[in-house]
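Reviewing the structure listed below.
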Amino acid sequence: MNNPQIITIAGKSNHPLQVKRFGYGTMRLTGEGIYGEPPNRPEALAILKQAVKSGIDFIDTADYYGEDVTNRLIQEALYPYPDDLVICTKVGGARKPDKSWISFNTPENLRSSIDNNLRTLKLDQITLVHFRVMPGSTSFEKSMEAMFAMQQEGKILHVGVSNVDAAELETAMQMGNIATVENMYGHGQRITIKSAYGENRGAEEVLEICEKN
């Protein structure tokens with residue numbers, strides 16, 4: 001398989017992005033159970049610095065890893081950011097101190113999450129934000145309306161979705177421009193994606209929609 005070394009995000013938009021295919025996800029910088037402060041903070045900062053030094057231009061973070069832990073690490077290690085660095089985050093869920101998961105996806109929750117990401121990352125605009133579907137979610141349409149409203153306000157450049165099924169993806173695409181889909185697609189999930197919550201996400205069906213669009 002010949003995979004391109006450079007990929008385009010939101011190619012049909014007014015602000016397409018080109019990034020290297022190989023990016024860096026920050027979830028493993030955290031503590032035990034993918035939550036909280038890293039056991040070796042200087043090492044975590046060094047990893048981020050080395051990633052960018054080695055040519056990484058796409059870094060993925062999220063709200064789920066404790067109290068802003070990965071955002072604070074990114075900001076401390078890399079701010080002021082290189083001009084070509086894309087920082088992507090996810091909203092829609094949160095974790096309690098006991099590491100259990102909760103939905104955090106009402107319009108008010110999402111606005112709070114975006115404002116917090118802007119503050120902790122020291123950004124005026126987040127380049128790419130994925131709305132992640134969680135069990136027990138409120139109205140998907142209301143959540144997406146909030147995401148697109150914040151895009152119109154300039155807080156978000158590109159909107160993506162995460163952990164969606166085909167129907168949710170189609171709905172989101174009818175509401176606005178969806179730049180990216182961040183779903184699980186490992187070998188064990190090629191036929192159906194079943195998350196820790198027992199949800200069926202329809203991996204191949206989602207991929208077909210992505211390929212067509």
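The values are calculated or read from the model by the stated rules, or taken from the named source; none is laboratory data. Just so you know, these numbers come straight off a predicted model, no measurement behind them. Cβ sites come from the backbone with ideal geometry, for glycine too, and all protein chains shown count toward neighbours. Just the protein is used for accessible areas: all its heavy atoms, side chains included, with ligands, DNA and RNA removed. Shrake-Rupley method; radii C 1.70, N 1.55, O 1.52, S 1.80 Å.
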Give the Kirkwood hydrodynamic radius (Å, one decimal) of region 32-124, defined as one over the mean of 1/r across all pairs of different Cα atoms.
-> 13.9 Å
In deg cm²/dmol, rounded to the nearest 500, the helical mean residue ellipticity at 222 nm of the chain, built from -39500 (n - 2.57) for every DSSP H run of length 4 or more, is -10500 deg cm²/dmol
Sequence-separation-based contact order of region 6-212, relative, with Cα cut under 8 Å and 6+ spacing, percent = 14 percent
Find the Rg to Rh ratio for the chain, where Rh is the Kirkwood radius over alpha-carbon pairs and Rg uses the same atoms.
-> 0.94
Residues whose built amide H sits under 5 Å from the amide H of ILE156, excluding neighbours closer than 5 in sequence, are ILE126, GLN151
Hits among aspartates and glutamates - C-alpha to C-alpha of LYS20 under 18 Å, sequence gap 8 or more where chains match = ASP57, ASP60, ASP83, ASP84, GLU182
Could you tell me what percent of the accessible area of the chain is made up of carbon and sulfur, with a 1.4 Å probe and every protein chain present?
-> 50 percent
For peptides 10-23, 29-42, sequence by mean Cβ density within 10 Å, most packed first | 29-42, 10-23
Any idea how far the Cα center of region 20-38 sits from the one of region 97-141, in Å?
-> 18 Å
Residues of the chain: accessible area per residue with a 1.4 Å probe, Å² = 53 Å²
Once the dipole of region 6-212 is set up from charges on Cβ (+1 Lys and Arg, -1 Asp and Glu), the residue from the list TYR35, MET184, ILE102 lying farthest towards its positive end is TYR35
